[in-house]
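Worksheet: the structure to be examined is printed underneath.
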Amino acid sequence: MLDLIYRIYNYFVEMRLIWDECKRQANLRKHGLDFADAVEVLGSRFRLDIADPRGSESRVLSISYALGFLAVLSVVHTERDGAARVISFRRASRDEREVYDDWLENECDEP
């Protein structure tokens, strides 16, 4: 479990992230991204959330441009005990980037 206070876009975002350590290590090997850095997406004010249920678990796919990585990234997560449980963290797929770009252009409320 990790408690993070992260400064993003001149705002302080307090976020508690938790994860399975074996999954974190596997994600690092496969995608080169550490779950601890998922706050780059989860703390973004330009984050698009898409419901992604898996069986009885309510999951969310969050997509955002991550300035620290100069890339559009995706995080699959769920809420557990007041924390964001990170399940996956990777570069967004082409389809996810297209959905995100369309959302930014047509629906995002931020200036």
Looking only at Val99, Val76, Val39, which one moves most when the chain is put into a Gaussian network model with springs between Cα atoms under 10 Å? Val99
Cα-Cα P(r), the chain, percent of pairs per 10 Å interval: 14, 48, 33, 5
Using R₀ = 22 Å, calculate the FRET efficiency as 1/(1 + (r/R₀)^6) where r is the Cβ-Cβ separation of Phe69 and Cys108; round to 0.05. 0.65
Taking the chain as the reference, fit the longest principal axis to its C-alpha atoms, fit the long axis of helix 21-31 to the helix C-alpha atoms, and give the angle between the two in degrees, 0 to 90, nearest 10. 40 degrees
Please give the contour-minus-distance gain from Lys30 to Arg54: 0.36 nm per residue of separation, less the Cα-Cα distance, rounded to one decimal in nm. 6.5 nm
Residues of the range 18-32 with backbone nitrogen within less than 13 Å of a virtual label 7 Å along the Cα-to-Cβ line of Ser93, please, listed as ranges. none
Ignoring any ligand, DNA or RNA, what whole percent of the accessible area of the chain comes from carbon and sulfur when the probe is 1.4 angstrom? 47 percent
Select from the range 55-111 those chymotrypsin sites (Phe, Trp or Tyr not before Pro) which occupy a DSSP coil region and have at most 14 other Cβ atoms within 10 Å, ordered by residue number. Phe69
Provide the per residue accessible area, probe 1.4 Å, for the chain, rounded to a whole number of square angstrom. 62 Å²
GNM on the chain, C-alpha springs below 10 Å: top fluctuator among Ala26, Ala92, Ala36? Ala26
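The values are calculated or read from the model by the stated rules, or taken from the named source; none is laboratory data. In this text the structure is predicted, and so the values were computed from the model without any measurement. FYI the Cβ positions are ideal-geometry reconstructions off the backbone, even for glycines, and counts take in every protein chain you see. Surface accessibility is based on the protein's heavy atoms, side chains included, excluding ligands, DNA and RNA. Shrake-Rupley method; radii C 1.70, N 1.55, O 1.52, S 1.80 Å.
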